[in-house]
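Visitor: Have a look at this one.
The values are calculated or read from the model by the stated rules, or taken from the named source; none is laboratory data. Not measured: the values here are computed from a predicted model. Cβ placement follows ideal geometry from the backbone for every residue including glycine, while neighbour counts extend to all protein chains displayed.
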There are 2 protein chains.
Amino acid sequence: MAPSPALAELSTLLGDRLVTSAADREAHGRNETHFPALPPEAVAYPETTEEVSRLVSICARHGLPVTGWGAGTSLEGHALALHGGVTVDFARMARVLEVRSEDMVARIQPGITREALNTELRATGLFFPVDPGANASLGGMASTRASGTTAVRYGTMRDNVLALEVVLADGRVIRTGTAARKSSAGYDLTGLFVGAEGTLGLITEITIRLHGQPEAVSAAVCAFPAMAPAVEAVIATIQSGIPMARIEFVDAATVAAFNQRDHAGMPEEPHLLVEFHGSPAAVAEQAERFGEIVAEAGGRGFQWADKAEDRARLWRMRHNAYYACLALRPGATAWVTDVCVPISRLAEAVEETRADIAAASIPGPILGHVGDGNFHAILLVDPGNEAEATEAKRLAARMADRALRLGGTVTGEHGIGMGKLDYMAREHGAGWEIMGDIKRALDPAGLMNPGKMVRGN
Amino acid sequence: MAPSPALAELSTLLGDRLVTSAADREAHGRNETHFPALPPEAVAYPETTEEVSRLVSICARHGLPVTGWGAGTSLEGHALALHGGVTVDFARMARVLEVRSEDMVARIQPGITREALNTELRATGLFFPVDPGANASLGGMASTRASGTTAVRYGTMRDNVLALEVVLADGRVIRTGTAARKSSAGYDLTGLFVGAEGTLGLITEITIRLHGQPEAVSAAVCAFPAMAPAVEAVIATIQSGIPMARIEFVDAATVAAFNQRDHAGMPEEPHLLVEFHGSPAAVAEQAERFGEIVAEAGGRGFQWADKAEDRARLWRMRHNAYYACLALRPGATAWVTDVCVPISRLAEAVEETRADIAAASIPGPILGHVGDGNFHAILLVDPGNEAEATEAKRLAARMADRALRLGGTVTGEHGIGMGKLDYMAREHGAGWEIMGDIKRALDPAGLMNPGKMVRGN
């Protein structure tokens, strides 16, 4: 097949960094969960903002869709080329451009991954705290407003992106925000592009906040007889002002997965996994006060991990919970849900979900970022089994309904992508129409990650 | 003069809560600084969101401008009726609607003031930390993305508004966000309306984050031989992870104003004013480590204010710095500037500003939120003196230029209003065009606080 005029122009721009091989297209049509493969017509590997701008201009002229690609770890199919076109892979724009230690900020390119970033920062005494578990790209994390285990202390991507460079749908390049820590100068465009999932433009540079590596770190696990007292302990801890760096909930089924895959040797009961950051004295005090709160709530079996290697093992296990759960049912595909509710409603949200899954035909361990009211069920489905897929869909829909009924959101951190579009009208009402107005104002031809976030593009 | 058909309709809607008396119109045409009086045609006092919606619909039908009004403490003339129309005063929508202690959030109406809010919260053990000094309304604080002395620890309004109810330009009512602590569900509309200065809609309800009242509080003042070592001490403190609750800089001229008005008895040198929040042990440790850093940087003359009444006196003095500075030159009007730069550039920004003012014909004490890189000069102008106004304008322009040159922003917390519109193109480049696109998408007739934020409406 002869290349289209658009692809020919892109090929002139990028040379062999425009790839149309079946292997590369298929690799960029795959996702981590249950969405069908949707390969683009070509994959572009730009190296500069100027190239991204010219690429987008060419696509705009020819009406070719443009979809950004980071590390491919999205769980809602955000980066799948629903309407074909070009997928822009930022693998060659993955550098740290500048670290400003005194300002505690860095300028980075969107393709760098979380782990590579922190490796580069190690010698500076600073680190980037947002940690979704997966080794995602920072551009992808910004675009989905990612968060994860440390958001309870350090915030989400919304809180840790200070400024952006963005290539708009017509190829113009804008800079939003500055390296100053705050501003009241106009509409918060930085906040608008963070979480926009590439539907308003492509992020080509990010100025992120850094944080001091904590002097002392202490982590622990403890067991609870049920979910409710664990949540009570978390609420009491937050209200007493103890600054937890992480506080994670895992249910008995997730612990069973840890035991099976990681030989964790934990009692198969609900657990909290916690971490404290600070000065040695502050961490010791926080740990002691947390221990008192847990004891009062009926928690038990505290195990402290004060050594770095023990902590690394603990959080590696937590980060790989998705794979541990998958291994509970070899060959299964996961539907990963993601709801977030006000903390006061978390215990009932989890308990209702638990009961729902217990009565269903498929397993679904539950775990979550309990300090934020955010939790996931990992619904394990036999890929060939239509009835199970229907069951997973029904359970996920009921979780989303429940989250809305309890005053929460259908996605705490994974984003909308292809999986949550059907809930946008219900969550936002007329606010979703406003999102559509903004989309049409910034991308009138509807070429930036089309088919996502809003309707009618 | 017979009322216009629009005002007649509004009068039917609101009865005697639509006021056209000269006194009330003039009171809503005044501002705290140097902008000329711009009274609206009428002042409306709605009591419900439904009334605001109907009011805005009537104005939309008749092409009448709508400008929101909180407590009138804005420093950039945001709430002045530049194109006439109706000013919507939220004085009768000033209630706390709900406090959810377990979730640490409250739903409030926009007219409530910061002090009234915290008085109502006192018994809950929670407080709302954002503190711009003035007893501003929360609706105004949200609309200008206000911050102040505590932002270094608790963040700005951007960080402390979780959800909004907004009446759009066509009268539709939307809800953005939820009481859940985070969400990845779509464009961040909450963040878009925070800081929009009423140009995209009127905020009719706010869900705010609350924080636990600190168990222990300690405050101190200390003197420095110059600005640079004070900033060095601040950078070192932030980098070492000491969580300051406030850290304020005042220059020698500001201290002179404190001495004159408040009999502060402080040496007339640059000072830092700090506060720590936490457990008694944590506060003691933070204070000790801060003392070491200050001593190393050449600071001296530490005075601790551990008693609540001493702290109250200290922060009252700081909050009234504006009035203390005004009293340095009886009868003067103030031009209050507001720039924010990356902290690494703060010392040079302040020193250059200091030198500029020293060489000018008018006085201008400098003070600021040094932990954020944000500072103000209070330029004191004889109101009848055209040459002095020109001088103030020149100094303010040079401060804004300097902030942009040093990678900062022309307003850290006061907003754009009427005073900073001329800098928008320079600070944002093509980003300002995008703001215009958003404005036209949400308010095509240009009736929401017209003449502000963007051009061409």
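Visitor: Do the conditions hold for B:Thr204, that is, is it more than 12 Å from the chain's Cα centre (by Cα) and either within 12 Å of chain A (Cβ to nearest Cβ) or in a loop (DSSP other than H, G, I, E, B) (or both)?
Guide: No; evaluated as a whole, the condition is false for this residue.
Visitor: Filter region B:36-54 down to residues that are over 24 Å from the mean Cα position of the chain (by Cα) and modelled with pLDDT under 95, then give me how many there are.
Guide: 0
Visitor: When only residues in region B:221-230 that are more than 25 Å from the chain's Cα centre (by Cα) and in a helix (DSSP H, G or I) count, which is nearest to the other protein chains (Cβ to nearest Cβ)? Quick ask: steps written out before the conclusion?
Guide: Let us first name the residues in region B:221-230 that are more than 25 Å from the chain's Cα centre (by Cα), namely B:222-226, B:228-229.
Remaining after also requiring in a helix (DSSP H, G or I): B:228-229.
Details: B:Ala228: 13, B:Pro229: 14 Å.
Per the stated criteria, the residue is B:Ala228.
Visitor: Residues to consider are B:Trp315, B:Trp335; find the one that is touching a helix residue (DSSP H, G or I) at 6+ places or on another chain (Cβ under 6 Å) and either in a strand (DSSP E or B) or in the same structural domain as B:Val250 (by TED's automatic domain parsing) (or both).
Guide: B:Trp335
Visitor: Here are B:Arg311, B:Arg316: which of them is basic (Lys, Arg), farther than 20 Å from B:Ile357 by Cβ, buried (at least 17 other Cβ atoms within 10 Å of the Cβ) and more than 16 Å from the chain's Cα centre (by Cα)?
Guide: B:Arg311
Visitor: Can you find a residue that is over 30 Å from A:Arg209 (Cβ atoms) and in a helix (DSSP H, G or I) anywhere in region B:300-308?
Guide: Scanning region B:300-308, I find at least one residue that is over 30 Å from A:Arg209 (Cβ atoms) and in a helix (DSSP H, G or I), so the answer is yes.
Visitor: Also, I was wondering about something else. All but one of (1) in a helix (DSSP H, G or I); (2) facing another protein chain (nearest Cβ under 8 Å); (3) among the basic types (Lys, Arg) hold for A:Arg145, so report the exception by its number.
Guide: (1)
Visitor: I would also like to ask the following. Among what's in region B:66-117 and is of a type in the set (S, T, N, Q) and not in a loop (DSSP other than H, G, I, E, B), pick the residue that is nearest to the other protein chains (Cβ to nearest Cβ). Give the derivation first.
Guide: From region B:66-117, those of a type in the set (S, T, N, Q) are B:67, B:73-74, B:87, B:101, B:109, B:113; that's our starting set.
With not in a loop (DSSP other than H, G, I, E, B) added as a condition, the list becomes B:67, B:87, B:113.
Values: B:Thr67: 18, B:Thr87: 21, B:Thr113: 19 Å.
Filtering first and then ranking leaves B:Thr67.
Visitor: Is it the case that A:Glu102 is modelled with pLDDT under 95 and in the same structural domain as A:Gly148 (by TED's automatic domain parsing)?
Guide: Criteria met by A:Glu102.
Visitor: Which pairs turn up if I take residues in region A:46-72 that are outside the structural domain of A:Pro110 (by TED's automatic domain parsing) and surrounded by fewer than 20 Cβ atoms within 10 Å (Cβ to Cβ) and look for partners that are modelled with pLDDT of 95 or more and of a type in the set (S, T, N, Q) with beta carbon separation below 8 Å, at least 6 apart in sequence or on another chain?
Guide: Listed by first residue and then by second, the contacts come to A:Thr49/A:Thr204.
Visitor: Scan region B:207-249 residue by residue and report those that are hydrophobic (A, V, I, L, M, F, W, C) and closer than 14 Å to B:Asp372 by Cα.
Guide: Answer for region B:207-249, where residues must be hydrophobic (A, V, I, L, M, F, W, C) and closer than 14 Å to B:Asp372 by Cα: B:Ala230, B:Val231, B:Ala233, B:Val234, B:Ile235, B:Ala236, B:Ile238, B:Met244, B:Ala245, B:Ile247, B:Phe249.
Visitor: Name every residue in region B:11-24 that is under 31 Å from the mean Cα position of the chain (by Cα) and in a helix (DSSP H, G or I), in order of residue number.
Guide: Hits for region B:11-24 are B:Leu14, B:Arg17, B:Ala22, B:Ala23, B:Asp24.
Visitor: Give the residue, chosen from B:Ala281, B:Ala245, B:Ala233, B:Ala264, that is assigned to a helix (DSSP H, G or I) and more than 10 Å from chain A (Cβ to nearest Cβ). Before the answer, list the steps.
Guide: Details: B:Ala281 fails: more than 10 Å from chain A (Cβ to nearest Cβ); B:Ala245 fails: assigned to a helix (DSSP H, G or I); B:Ala264 fails: assigned to a helix (DSSP H, G or I).
On inspection, the qualifying residue turns out to be B:Ala233.
Each row is one residue, and each column tells you yes or no for (1) among the aromatic types (Phe, Trp, Tyr); (2) farther than 23 Å from A:Leu164 by Cα.
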residue: A:Ala27; (1), (2): no, yes
residue: A:Glu32; (1), (2): no, yes
residue: A:Ala42; (1), (2): no, yes
residue: A:Tyr45; (1), (2): yes, no
residue: A:Glu50; (1), (2): no, no
residue: A:Leu64; (1), (2): no, yes
residue: A:Gly70; (1), (2): no, no
residue: A:Asp89; (1), (2): no, no
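Visitor: With the condition kept exactly as written, say whether any residue in region B:364-387 is outside the structural domain of B:Phe258 (by TED's automatic domain parsing), of a type in the set (A, V, I, L, M) and surrounded by fewer than 16 Cβ atoms within 10 Å (Cβ to Cβ).
Guide: yes
Visitor: Being more than 14 Å from chain B (Cβ to nearest Cβ) and in a loop (DSSP other than H, G, I, E, B) narrows it down to one of A:Ala134, A:Ala123, so name that one.
Guide: So the residue among A:Ala134, A:Ala123 that is more than 14 Å from chain B (Cβ to nearest Cβ) and in a loop (DSSP other than H, G, I, E, B) is A:Ala134.
Visitor: Quick check on region A:326-352: of everything there that is more than 13 Å from A:Gly368 (Cα to Cα) and within 14 Å of chain B (Cβ to nearest Cβ), which residue is surrounded by the fewest Cβ atoms within 10 Å (Cβ to Cβ)?
Guide: A:Glu348
Visitor: Where residues in region B:109-131 are in contact with a helix residue (DSSP H, G or I) (Cβ under 6 Å, 6 or more places away or on another chain) and not aromatic (Phe, Trp, Tyr), which of them is farthest from A:Ser344 (Cα to Cα)?
Guide: Within region B:109-131, the first condition is being in contact with a helix residue (DSSP H, G or I) (Cβ under 6 Å, 6 or more places away or on another chain), and the residues that meet it are B:110-112, B:127-130.
With the extra rule that they be not aromatic (Phe, Trp, Tyr), the set shrinks to B:110-112, B:129-130.
Numbers: B:Pro110: 25, B:Gly111: 27, B:Ile112: 25, B:Pro129: 22, B:Val130: 24 Å.
Looking at the filtered set, the residue picked out is B:Gly111.
Visitor: What number goes with the only condition from (1) polar (S, T, N, Q); (2) within 14 Å of chain B (Cβ to nearest Cβ); (3) not in a helix (DSSP H, G or I) that A:Ser218 does not pass?
Guide: (2)
Visitor: Oh, and also: Out of B:Gly171, B:Gly186, B:Gly177, report the one residue that is within 14 Å of another protein chain (Cβ to nearest Cβ), modelled with pLDDT of 95 or more and over 30 Å from A:Gly417 (Cα atoms).
Guide: B:Gly171 is the lone residue from the list that is within 14 Å of another protein chain (Cβ to nearest Cβ), modelled with pLDDT of 95 or more and over 30 Å from A:Gly417 (Cα atoms).
Visitor: Can you tell me which residues in region B:138-164 are hydroxyl-bearing (Ser, Thr, Tyr) and more than 13 Å from the chain's Cα centre (by Cα)?
Guide: Of everything in region B:138-164, just one residue is hydroxyl-bearing (Ser, Thr, Tyr) and more than 13 Å from the chain's Cα centre (by Cα), namely B:Tyr154.
Visitor: Right, something else. Quick one: which of B:Met453, B:Met424, B:Met448, B:Met435 is aliphatic (A, V, I, L, M) and more than 10 Å from chain A (Cβ to nearest Cβ)?
Guide: None of the others qualify; the one that does is B:Met448.
Visitor: Test A:Val105 against the stated conditions and say whether it is in contact with a strand residue (DSSP E or B) (Cβ under 6 Å, 6 or more places away or on another chain), crowded, with 21+ Cβ neighbours inside 10 Å and under 18 Å from A:Glu275 (Cα atoms).
Guide: No; evaluated as a whole, the condition is false for this residue.
Visitor: Pick from A:Ala403, A:Ala392, A:Ala295: which is assigned to a helix (DSSP H, G or I), within 14 Å of another protein chain (Cβ to nearest Cβ) and either over 24 Å from the mean Cα position of the chain (by Cα) or under 27 Å from B:Ala180 (Cα atoms) (or both)? Explain how you work it out, then say what you get.
Guide: Values: A:Ala392 fails: within 14 Å of another protein chain (Cβ to nearest Cβ); A:Ala295 fails: within 14 Å of another protein chain (Cβ to nearest Cβ).
Being assigned to a helix (DSSP H, G or I), within 14 Å of another protein chain (Cβ to nearest Cβ) and either over 24 Å from the mean Cα position of the chain (by Cα) or under 27 Å from B:Ala180 (Cα atoms) (or both) holds for just one of A:Ala403, A:Ala392, A:Ala295, which is A:Ala403.
Visitor: Report whether or not A:Gly419 is outside any helix (DSSP H, G or I), touching a residue at least 40 places away in the same chain (Cβ under 8 Å) and within 8 Å of chain B (Cβ to nearest Cβ).
Guide: Here the answer is no, as A:Gly419 does not meet what is asked.
Visitor: Another one. Residue check, B:Ala163 against (1) outside any helix (DSSP H, G or I); (2) buried (at least 24 other Cβ atoms within 10 Å of the Cβ); (3) not hydroxyl-bearing (Ser, Thr, Tyr), all met but one. Which one?
Guide: (2)
Visitor: Another question, then. For region A:367-389, name all the residues that are small (Gly, Ala, Ser) and either away from chain B (no Cβ under 12 Å) or not in a loop (DSSP other than H, G, I, E, B) (or both).
Guide: Scanning region A:367-389 gives A:Gly368, A:Gly371, A:Ala377, A:Gly384, A:Ala387, A:Ala389.
Visitor: Which of the residues that make up region B:8-29 are free of Cβ contacts under 8 Å to residues at least 12 places away in the same chain and closer than 15 Å to B:Pro46 by Cβ?
Guide: Correct list: B:Ser11, B:Thr12, B:Gly15, B:Asp16.
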